[in-house]
1. For the chain, what does the accessible surface come to per residue with a 1.4 Å probe? Please give it in Å².
2. For a protection proxy built on the mean count of beta-carbon atoms within 10 angstrom, sort 182-193, 240-251 highest first, please.
3. Subtracting the Cα-Cα distance from 0.36 nm times the residue separation, let me have the gained length for D79 to E231 in nm, one decimal.
4. So for the chain, averaging the separation of alpha carbon pairs under 8 Å that are six or more residues apart and normalising by length, what relative contact order in percent results?
5. Please state the relative contact order of segment 58-132 as a whole percent: Cα pairs under 8 Å, 6+ residues apart?
6. Can you show me the helix-derived [θ] at 222 nm for the chain, built from DSSP H runs with n ≥ 4 at -39,500 (n - 2.57) apiece and divided by the number of residues, rounded to the nearest 500.
7. Could you give the distance between the Cα centres of segment 51-75 and segment 118-132, to the whole Å?
8. Carbon-plus-sulfur fraction of the accessible area of segment 183-230, 1.4 Å probe, in percent?
Amino acid sequence: KVTSESEMPVAKSAVESNGTTANSSDVENHTAFIIGLVSQDALVVPVTFLIPNDQIQEDFGNLSPNTLQLYEQYADEIDEEGLGFIEYHPFKGSFEIDQDQLNHRLPNEHDYDLSSATLEAYDESLQFTFEGFTQINHQNEDGRQAEFDQVGQVTPTVLSNGLFKTAVYPYTDSTGKVYMVPSLNETYNNVSEAMDALKTPPNDFFGKAIPRFVTYTIEEIQGIIHIKFTEPLELNSLSQDQSTQLIESFVLTGATFDVQVQLDNVLEEQWNGINLTQPIEQPLGLNKYSW
């Protein structure tokens with residue numbers, strides 16, 4: 001039995017992560033399986049499970065699975081409650097691929113349309129889970145366009161494939177674990193607006209990633225977004241969690257616009273394995289767990 005640090009069962013073989021993002025080094029021998037899990041606060045959190053490639057080969061042979069195949073193979077193995085989330089997956093109904101789109105065939109009885117909150121959770125979980133497709137069409141079992149109680153006929157969920165054009169904030173769940181979560185309800189015209197938005201979380205669920213005393217300017221230079229701190233910033237004067245959240249909020253917010261970020265006027269040249277003298281690598285996934 002493999003368990004998390006709190007000795008709760010997590011997935012069939014998932015273990016506690018350190019809560020940071022997944023980068024290229026994490027997927028040298030692993031495949032990233034990203035899924036939108038629903039918290040006790042009904043907030044959808046993108047979680048990245050790093051599945052060893054040996055396991056992928058055992059399950060798929062020499063095929064390179066797409067996000068739907070990963071979902072259908074592994075979603076049911078996740079002990080969501082063990083991780084502090086509600087039991088939400090697998091989605092009710094079935095999925096089929098239609099060229100670059102997915103059709104979600106919904107059963108007559110489902111609870112995705114009980115309220116605006118359940119509709120939002122459904123839409124955001126789809127958004128985080130099925131990268132690589134352009135949109136998801138919602139259909140009845142007979143293939144006709146689905147109708148939801150709250151909205152009538154449901155328009156397709158257009159997938160942003162990570163380009164959410166929004167700010168990314170720390171969220172602390174009911175167990176005290178911190179996740180980084182894009183605010184899908186707030187989109188911005190440009191990355192500077194999103195970086196400014198990090199100063200003021202849009203709701204009570206998201207935490208403040210940037211301490212009040214930290215001020216900065218934003219400039220794009222040769223395609224790189226430079227965050228220049230007004231006063232020299234000493235990361236070691238903050239707690240490790242504060243520094244991690246500050247760096248990740250900037251980097252992840254930039255990634256939602258597909259741009260890299262460089263932090264200028266930081267006293268440390270290296271911090272926690274990150275070279276701060278150059279642009280920081282764009283992450284491949286948020287909130288990593290080992291499978």
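The values are calculated or read from the model by the stated rules, or taken from the named source; none is laboratory data. Just so it is clear, the structure is predicted and the values come from calculations on it, not from any experiment. Backbone-built Cβ (ideal geometry, glycine too); neighbour counts: all protein chains shown. Calculation scope for accessible area: heavy atoms of the full protein, side chains included, ligands and nucleic acids excluded. Shrake-Rupley method; radii C 1.70, N 1.55, O 1.52, S 1.80 Å.
1. On the way: 14160 Å² over 291 residues.
Per-residue accessible area for the chain comes out at 49 Å².
2. On the way: 182-193: 16.5, 240-251: 20.6.
So the order, starting with the most tightly packed, is 240-251, 182-193.
3. On the way: separation 152, 0.36 × 152 = 54.72 nm, distance 4.50 nm.
Full extension of this stretch gives 50.2 nm more.
4. Numbers: 569 pairs, mean separation 62.1, N = 291.
Computed over the chain, the figure is 21 percent.
5. 26 percent.
6. Numbers: 5 runs with 53 residues, N = 291.
Computed mean residue ellipticity for the chain: -5500 deg cm²/dmol.
7. 20 Å
8. 45 percent
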